[in-house]
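A.B. asks: Structure below; questions to follow.
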Amino acid sequence: MSSQEELLSNIDRVDQRMLSLIEDLSEEQLAIPYERGINPPIWELGHSAFFYEYFLLRGFYNQAPIAPELDDMWDSFVIPHEERWSPGVVPGFESTLSYYRDVIDQTREHLASKTELTDEEVYLGQYVIAHQCMHVESLVWCRQTSGFQAPVYSRSGNSGAPATTTPTEDVEVPAGTYFIGVPAPAEGRKSDNFSFDNERPGFEIELPDFRISSTLVSLGDFLAFVEDDAYTREEFWSFGGAYWLRNNPRTAPAYWEKRDGEWWIRRFDQWEKIDPTLPLLHISYWEAEAYCNWAGRRLPSEFEWEAAARGAEALKFPTGNFMTAGDYDLDCRFAGTAPVTAFPESASPFGCLQMIGSAWEWTSNQYLPFDGFCVDMYAYMSTLQFATHNTCKGGSGATDPSLIRNSYRQAYHPDRSDVFVGFRTCAPVI
Ligand SMILES: [Fe+2]
């Protein structure tokens, strides 16, 4: 597939996903009340289109602004988060959809009409699509936060993925030199190996040998922690964890509820009995850290995680440099309802399962720029999260396949448990 065909096909898929995440919402659901971790769906639509308009239609094709009076509205770093809910501030659904449709169709026409695209044009296209993918995922977690129905294109709650009997065990990652991140692009070849600025410049790192779990922490694993009253036992909670727990009092993870002695969890608008084989999701960094303290384990560093996913050959994906999206839980295929032992065919070179998809994974790293970091054209994509967030890796069941790769760095604030994040653990360093 040429880069032009790939761009057009990605635009179409992500466009369809975003619309399907909005079009089945009722008027009442569209008028969602203020909630800190989400955006109003209509704002997500206009904001995604604005990136296409700003960087491609205006920035590359020199078109006049379509509705310049709304620029501040769609720029996330101008409009305060709470203002996005104000009635009369954000335009209505029909006019926003019409702006969105106009922008996406015009972008498509430009890209399709050329016989050959320039490197800059492809890169800008990759950039705005990747940005829209992030907002597709945030629309999915908005549904989880709000208790809305599962996305229509998801098989969530009805996973056909087989649970294998492979026992959960650690795999050994040998000591050695591993490549982290993405090399700085050659002059005029930015689109060859697309990444955001936070993955560049790549570098080599020496790691001692370590042992990491082949699977994600499962609901069953975490249930043992909950049943051991670990939420109430101070010895497992760090200073930051204890502070978070005081402000977010709970004795079990978000969306868990005990009914008549049995644990249930909520997925979107459905309650289901806990299936211990499925991955744990919606867990804060502090809960992940407390679990590790309880279990005598530790979180991997982001470099250990990446080495375990990429192997000595620095692969882009766990099984090679090309992805077969069907080998993972991505794009809401199962939305986190495939067992942690599923997809053995896409194990990493060292035998780790589901390094891509299923759940974003907490690492022990504070999210920081790599040495030699250069800010990209959109100055706020990474910089505002540096030093306050933690690095998460691997993508979740709600992540678009075109967004994710082994080197991808997501930043989530350690307090967050609303997003599709879980973790895997390492054996302690003796
Ligand atoms: Fe954004």
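What follows is calculated from the coordinates using simple rules that are stated; it is not laboratory data. Because the structure is predicted, anything quoted here is derived from the model rather than measured. Every residue, glycine as well, gets a Cβ built from its backbone with ideal geometry; the counts of neighbours run over all protein chains shown.
A.B. asks: Taking the Cα centre of the range 230-367 as the origin, how large is its charge dipole in debye, to the nearest 20, when only Lys and Arg (+1) and Asp and Glu (-1) carry charge on their Cβ atoms?
C.D. replies: 280
A.B. asks: Spelling out what I want: for every residue of the range 202-208, take phi, set θ = phi - 60°, compute 6.51 cos²θ - 1.76 cosθ + 1.60 (Karplus), and round to whole Hz; glycine and proline get x.
C.D. replies: For the range 202-208, the Karplus curve yields x, 7, 9, 9, 8, 10, x Hz.
A.B. asks: Now a separate question. Around residue 38, with a cut-off of 11 angstrom between Cβ atoms, what is the net charge of the other residues, counting Lys and Arg +1 and Asp and Glu -1?
C.D. replies: So the surrounding residues net to 0.
A.B. asks: Extension gain residue 387-residue 113, at 0.36 nm per residue separation less the Cα-Cα distance, in nm?
C.D. replies: Separation in residues times 0.36 nm, less the Cα-Cα distance, equals 94.3 nm.
A.B. asks: Here's another thing I want to ask about it. Would you list 70, 216, 57 from fewest to most Cβ contacts within 10 Å?
C.D. replies: By the 10 Å Cβ count, ascending, the order reads 70, 57, 216.
A.B. asks: Could you tally the net charge around residue 388, taking each other residue with its Cβ under 13 Å from the Cβ of residue 388, Lys/Arg +1 and Asp/Glu -1?
C.D. replies: Local net charge: 0.
A.B. asks: Residues with amide H under 5 Å of residue 411's amide H, sequence separation 5 or more or different chain, H placed in the peptide plane at 1.01 Å from N; which?
C.D. replies: Result for residue 411 returns 392.
A.B. asks: Where does the charge balance sit around residue 323 when Lys and Arg score +1, Asp and Glu -1, over other residues with C-beta under 10 Å from its C-beta?
C.D. replies: That works out to +1.
A.B. asks: Give me the angle, in degrees from 0 to 90, between the Cα long axis of helix 285-295 and the longest principal axis of the Cα atoms of the chain, rounded to the nearest 10.
C.D. replies: 20
A.B. asks: Give me a comma-separated list of calculated 3J(HN,Hα) values for the range 129-138, in order, Karplus coefficients 6.51, -1.76, 1.60 applied at θ = phi - 60°, integers in Hz, x for any Gly or Pro.
C.D. replies: Coupling constants for the range 129-138: 5, 4, 4, 5, 4, 4, 7, 4, 5, 5 Hz.
A.B. asks: Further question: For the chain, what is the mean residue ellipticity at 222 nm derived from helices alone (per DSSP H run of n ≥ 4: -39500 (n - 2.57); sum divided by total residues; nearest 500 deg cm²/dmol)? Write out the running numbers ahead of the final one.
C.D. replies: Values: 10 runs with 128 residues, N = 430.
So the calculated ellipticity at 222 nm is -9500 deg cm²/dmol.
A.B. asks: Give me the angle, in degrees from 0 to 90, between the Cα long axis of helix 41-52 and the longest principal axis of the Cα atoms of the chain, rounded to the nearest 10.
C.D. replies: It works out to around 60 degrees.
A.B. asks: While we're looking at this one, here's another question. To the nearest 20 Debye, how big is the dipole of the chain about its Cα centre, given +1 on the beta carbon of each Lys and Arg and -1 on that of each Asp and Glu?
C.D. replies: 600
A.B. asks: What angle do you read, to the nearest 10 degrees and between 0 and 90, between the alpha-carbon axis of helix 93-113 and the longest principal axis of the chain?
C.D. replies: On a 0 to 90 degree scale, this one is about 80.
A.B. asks: So which trypsin sites (Lys or Arg not before Pro) in the range 188-218 pass both tests, a DSSP loop state and at most 15 other Cβ atoms within 10 Å of the Cβ?
C.D. replies: 189
A.B. asks: May I ask which residue of 30, 97, 47 lies farthest towards the positive end of the charge dipole of the range 3-146, with charges of +1 (Lys, Arg) and -1 (Asp, Glu) on Cβ and the Cα centre as origin?
C.D. replies: Projecting each Cα onto the dipole axis, the largest value belongs to 30.
A.B. asks: Taking the chain as the region of interest, what is the percent of Cα-Cα pairs per 20 angstrom bin, listed from the shortest bin to the one with the maximum distance?
C.D. replies: Result, from short to long distances: 26, 59, 15, 0 percent.
A.B. asks: For residue 266, project a label point 7 Å along Cα to C-beta. Then give me every residue of the range 125-146 with its amide nitrogen under 11 Å of that point.
C.D. replies: 144-146
A.B. asks: Follow-up question, since we're still on this one. Would you grab the residues whose amide H sits under 5 Å from the one on residue 397? Only those 5+ places off in sequence or on another chain, please, with H modelled 1.01 Å from N.
C.D. replies: 336, 358, 359, 360
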